[in-house]
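K.L.:
Below: one structure in structure tokens.
The values are calculated or read from the model by the stated rules, or taken from the named source; none is laboratory data. On a predicted model such as this, the values are computed, not experimentally measured, just so you know. Glycine also receives a Cβ, built like all others from the backbone with ideal geometry; neighbour counts cover every protein chain displayed.
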Amino acid sequence: MAARSFDRRTYRRDPARIWHRQRRRSERIAPISRRCPAIPPVLGDVKMITLYHAATTRSFRIYWLLEELGLAYERKEINYYEGERHGETFRAINPLGSFPVIADEGFILIESGAIINYILRRYGAGRFQAPPGSRDEALIDQWMYWSESLPAIHQRAFWDHCAPPPGCCDNPIPSVGREGKRAFIKTLDILERDLREDGFAVGDELTGADFMLSFPLFLADFDNWLKNHPKVKAYTDRIAARPAFRTAVRDTIDMCVQLYPPRPPRLAAADK
Ligand SMILES: N[C@@H](CCC(=O)N[C@@H](CS)C(=O)NCC(=O)O)C(=O)O
């Protein structure tokens, strides 16, 4: 068999090689999410993360996490109820106009669970995490996903239909909201079964699971929905006692009092 002669021009034009060359080039300019995953974790006083925060929203999960970690960060406060989230400036960052959002040197991330994992994995220096591949890690995932699944859907139905905040639901149907409340409370049975009398959702230390669970549970407690789930109530109280958490929910409490004085109408509507 004749040896194939090597022609440099043909070699360069070979479509497979062109593809590889382009891929290599595109990798060089790939977005930060695909680049250099191994930047060492940094704790301390370097400003790095901007948190777009609105009182009463899931952004208090991230606010709490950043405070617990003692990371330096910038917090941009946005009023959820006054239309600021629909303005051009915020929409350029998050076209959904939803919270939370973080920006980290131009890298923008939404979804509170993804944000918590990003911050912990990149800047957590091992805190609040379980060994990769462990069952504890799987349980953390379980509660993180669960927090945004059925309980979130039912609680949202309640807020929309029994306590619609300004500009959030045009045609509330209170019976739909009341069913949301009932269904939300029912979902707590699984937490009541699995939580311990002490510690946190997965073990003795905080994990991403607690940061996620804090949002539905703290607001449910605000509405006095935990009274038939004593372990869930005690767990929520353990979270609420943490100084970093209290810092993160101060404006949420103020806003709730402002929106629903003197007795939250959401309670009145739900009690009917
Ligand atoms: N699964 C998302 C949910 C985000 C979300 O729905 N946030 C609410 C505030 S708590 C929001 O901004 N909603 C905007 C809207 O419904 O238009 C997450 O966990 O970040």
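K.L.:
So is Ile173 surrounded by fewer than 20 Cβ atoms within 10 Å (Cβ to Cβ) and more than 16 Å from the ligand (Cβ to nearest atom) or not?
P.N.:
yes
K.L.:
Taking the criterion of being surrounded by 14 or more Cβ atoms within 10 Å (Cβ to Cβ), touching a Cys at 6+ places or on another chain (Cβ under 7 Å) and more than 20 Å from Lys231 (Cβ to Cβ), would at least one residue in segment 140-160 satisfy it?
P.N.:
There is at least one residue in segment 140-160 that is surrounded by 14 or more Cβ atoms within 10 Å (Cβ to Cβ), touching a Cys at 6+ places or on another chain (Cβ under 7 Å) and more than 20 Å from Lys231 (Cβ to Cβ).
K.L.:
Quick check, is Gly113 away from the ligand (no atom under 12 Å from the Cβ) and either over 11 Å from the mean Cα position of the chain (by Cα) or not β-branched (Val, Ile, Thr) (or both)?
P.N.:
no
K.L.:
Between a first residue in segment 214-242 that is assigned by TED's automatic domain parsing to the domain that holds Arg196 and buried (at least 23 other Cβ atoms within 10 Å of the Cβ) and a second residue that is hydroxyl-bearing (Ser, Thr, Tyr) and assigned to a loop (DSSP other than H, G, I, E, B), which pairs have beta carbons less than 9 Å apart while being 6 or more apart in sequence or on different chains?
P.N.:
The qualifying pairs are Phe215/Thr57.
K.L.:
When you scan segment 71-93, do you find a residue that is over 11 Å from the mean Cα position of the chain (by Cα), at positive phi and within 13 Å of the ligand (Cβ to nearest atom), even just one?
P.N.:
Yes, some residue in segment 71-93 is over 11 Å from the mean Cα position of the chain (by Cα), at positive phi and within 13 Å of the ligand (Cβ to nearest atom).
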